[in-house]
Structures are given as structure tokens and as C-alpha cells.
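*Asks:* Take a look at the following structure, please.
The values are calculated or read from the model by the stated rules, or taken from the named source; none is laboratory data. None of the values given here were measured: they were computed from a predicted structure. Here Cβ is always computed from backbone atoms with ideal geometry, including for glycine, and neighbour counts include all displayed protein chains.
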Amino acid sequence: MLWIIGLGIHGVRGISFNSLEVLNNCSIIYVERYTCSISDAELSDLAGLMGGNEKKSISLVQRWFLEDGREILENAKFKEVALLTYGDPLVATTHVELLVRAVKNSIRVKVIHAASGLSSLAGEIGLHVYKFGRTVTITSEPQSVVSVYSTILDNLILGNHTMILTEFNDRNGEDFFLDPGTAFKSLLESERDHMSYACHKETFAVVLSRIGSTHQNMISGKVRSLMGLDYGIGPHTIIVTGFLHFSEVDALTTLTRNVDIPSDNTLHVQNKSANMVERYVPKAKNAVSKIRALLENELPTGERKRLYEIVENSEYYIEDAKRFLRTGRPELAVLSIGYAEGLLDAVGTNEQFALWD
């Protein structure tokens, strides 16, 4: 049988009586170490809680071991096996996949749930849990930043908060925690590339460190104020807030070390479609002006009439694009400006109408 047991947010010392009873009956115990750091001292504490039973096998395992999963599942066919995880065990997709594989192999599985770090992080600073959008992880790999930036943008457009989990890794036997200052620096670089106001120096954010421990820390403020601070050892989590209810503002200023007044990050965020339309409308209008000027030249009557009709239709589409943008329908605005450009490009194929700069 396989037991998948959550430790909650307090590590080994937060283990429940129910879980401890189960562990005492297990012959093999695996402790996963990729979602959070588990120290050697905590492993000793775990052995002590079970009376130091030397017959029990307690193994500290990495992510690759769980993703492979074969040893765990093979042992669980004939023995009582436990997998200990940080937080709630079924938040991590790797644990869910292991659960599914066990069931498919007719292995009995029981899950013991515990406090999740995700809900604890939101609750500690008083943000409404139902206002969080997609959660994302930022790592030291440059390619991860683009995904994080896009997630913040998408969440802000909907008025939602974004929880950003920072990288934890075991590098050559030493714990590595991505520093929030480094994460902010990467996001500001992405802002310079995209210019959608998803994360800039005036963005309000919260940095939470070591939540659940006796030395947890929670600081809120503008990115410009948070970048240069020393957050100590991890794990760290960054939250970029969306639209804030007055009760959330009150909680942030009361429950965190607040260095800047909370502000609404949704006010200046730029929808990608809206950004595209705002860039292309002036270009399309400039092209129309060029055509109208060129139409003053002597052209056959039929040709002039045909071109005037194209110009008028393109102007209608440009106005449609502006109207759709004003009424909060940016996707339709993109279609309209696309139709306008298509008509103008058709005119531009004639050598005497060089429209685009």
C-alpha cells in the first residue's frame, strides 16, 4: 500500500498524529525534497518521533526519483510505503501523476492532506483567495521569465492577483533559493521588452519568506522599494496584486511590513490586443492620408473611384477598431484594423502608392 502524506507548512514538526501512526506502521518512508528544503536535522527529528526504529528505511529523494516512480510503486505492491511531501501532497502535479499510476497498477493508495502553502501564503497577508489567478514559478533560467511576465499580465487584465513561487533547488548538495531581488530584476527586463505595464518599478507587490517557520517575514511595497532588500534564506514567494478590495488594503498595511501605500496594479496594464491596435491605428491613418494625397494626381476616372471606395472602407474599419477598443472588445478591434491594413496593402501593391514606412 502507498500512503501519500502532507507535512503542511511547518515541516516534520507539523506532522499530524494520524500521519505519525501511519508512519509507524510503514516499513519504507520516502521524503521528497524538491518542493521544499528538508534538513538532515528534520530527518533525525522524524526518526526520533518514530522511536528511532532502525528497521525503517527513511530515504530523502529528489524530483527525478518521483518522476521515475518505479521503485516506489514496486515496493508499494508488497509493503506499507509512505511518501512524505511538503504542504498538501496533491498540489504538485508529480505527486498526482504518482497517485494515478498507483491506481492504474491496482496498488491501494491513501492520501493524508495537510495545510497548503498556497492558501497559507494568501491568508497570512489577508488577500482574498478567490481573487488569485494562475500560479507560476520563476527560475534562474531566462526563458522562465517570459512565461511569468505573461501570466502576471493575463491575471491583471482580469483584476486577479498573481502568486509567483521562486526557484528552490539542490545544487551540489547545497540549497539554492532564487532571491526576490533577482526575480524582480528579470521581470523589469521583460517589461522593457514588452512594455505592457505588467511589472514595472511602480508595481505593488508582496514578498513572503519562510512562511510557517518561526522566522517568517512579509514585506509589501513598490518594486523599486523591494528590489534592494535582504530577504535572507528562502523559500520566497512573490505576489503581484491585482484589484484590491478595501479590506485587502487594510490587511496588507496591518499584517505586512508595508513600505509603500498599496495601489491598484490594473490601472495601467495594457492588453496585448489593445496595445497592438493602438500601435497600428496611427500607421493605418497615415497610409490613408498618403493615398488621399496621391489621388489628387490625374488618374482614370474608374481607377480613382475604385481607390476612393477602398480608402473609405479602410477608414470605416479603422473607426470600428477604435470603437471596439473603447468598448472593451480588443480582439474585435484587432480584426478590424487587420481588415483595414489588408485593404491598404492591396492599394500599396501599385508602385505609385508606397504606403508603409
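*Asks:* For ASN265, indicate whether it is at pLDDT below 80, among the polar types (S, T, N, Q) and assigned to a loop (DSSP other than H, G, I, E, B).
*Replies:* Working: at pLDDT below 80: no; among the polar types (S, T, N, Q): yes; assigned to a loop (DSSP other than H, G, I, E, B): yes.
Considered against the rule, which asks whether it is at pLDDT below 80, among the polar types (S, T, N, Q) and assigned to a loop (DSSP other than H, G, I, E, B), ASN265 comes out as no.
*Asks:* Right, something else. Return yes when GLU248 is assigned by TED's automatic domain parsing to the domain that holds SER336, over 22 Å from GLU141 (Cβ atoms) and in contact (Cβ under 8 Å) with a residue 40 or more places away in the chain and no when it is not.
*Replies:* On the way: assigned by TED's automatic domain parsing to the domain that holds SER336: no; over 22 Å from GLU141 (Cβ atoms): yes; in contact (Cβ under 8 Å) with a residue 40 or more places away in the chain: yes.
No.
*Asks:* Somewhere in the range 90-102, is a residue basic (Lys, Arg), touching a Phe, Trp or Tyr at 6+ places or on another chain (Cβ under 7 Å), surrounded by 13 or more Cβ atoms within 10 Å (Cβ to Cβ) and part of a helix (DSSP H, G or I)? Before you say what the answer is, go through the steps one by one.
*Replies:* From the range 90-102, those basic (Lys, Arg) are 101; that's our starting set.
From what is left, the residues that are touching a Phe, Trp or Tyr at 6+ places or on another chain (Cβ under 7 Å) are none.
So far as the range 90-102 goes, no, none of its residues is basic (Lys, Arg), touching a Phe, Trp or Tyr at 6+ places or on another chain (Cβ under 7 Å), surrounded by 13 or more Cβ atoms within 10 Å (Cβ to Cβ) and part of a helix (DSSP H, G or I).
*Asks:* Return the pair list, or none, for Cβ contacts closer than 8 Å from residues in the range 70-91 that are at positive phi to residues that are surrounded by 16 or more Cβ atoms within 10 Å (Cβ to Cβ) and β-branched (Val, Ile, Thr), at least 6 apart or on different chains.
*Replies:* Sorted first by the residue in the range 70-91, then by its partner, the pairs are GLY87/ILE9; GLY87/THR35.
*Asks:* While we're here: Looking at LYS185, is it more than 19 Å from TYR34 (Cα to Cα) and without any contact (Cβ under 8 Å) to a residue 40 or more places away in the chain? Before you say what the answer is, go through the steps one by one.
*Replies:* Values: more than 19 Å from TYR34 (Cα to Cα): yes; without any contact (Cβ under 8 Å) to a residue 40 or more places away in the chain: no.
Against the criterion (more than 19 Å from TYR34 (Cα to Cα) and without any contact (Cβ under 8 Å) to a residue 40 or more places away in the chain), LYS185 does not qualify.
*Asks:* Going residue by residue through the range 254-276, is there one that turns out to be farther than 27 Å from GLU167 by Cα, of a type outside the set (Gly, Ala, Ser) and buried (at least 19 other Cβ atoms within 10 Å of the Cβ)?
*Replies:* yes
*Asks:* Identify, please: which residue in the range 128-153 is part of a helix (DSSP H, G or I) and modelled with pLDDT under 90 and is, among those, surrounded by the most Cβ atoms within 10 Å (Cβ to Cβ)?
*Replies:* First, the residues of the range 128-153 that are part of a helix (DSSP H, G or I): 129-131, 142-153.
Checking the rest, the ones that are also modelled with pLDDT under 90 come to 142-144.
Details: PRO142: 10, GLN143: 7, SER144: 17.
Filtering first and then ranking leaves SER144.
*Asks:* Considering each residue of the range 277-304, count those that are farther than 24 Å from ARG329 by Cα, among the acidic types (Asp, Glu) and either at pLDDT 75 or above or not in a helix (DSSP H, G or I) (or both), and give that number.
*Replies:* 2
*Asks:* Let me ask something else. Can you name the residue in the range 180-219 that is farther than 19 Å from THR151 by Cα and polar (S, T, N, Q) and is also surrounded by the fewest Cβ atoms within 10 Å (Cβ to Cβ) among such residues?
*Replies:* The selected residue is THR214.
*Asks:* Please state which of the following conditions GLY232 fails to meet, knowing it meets all the rest: (1) surrounded by fewer than 16 Cβ atoms within 10 Å (Cβ to Cβ); (2) touching a residue at least 24 places away in the same chain (Cβ under 8 Å).
*Replies:* Answer for GLY232: the failing condition is (2).
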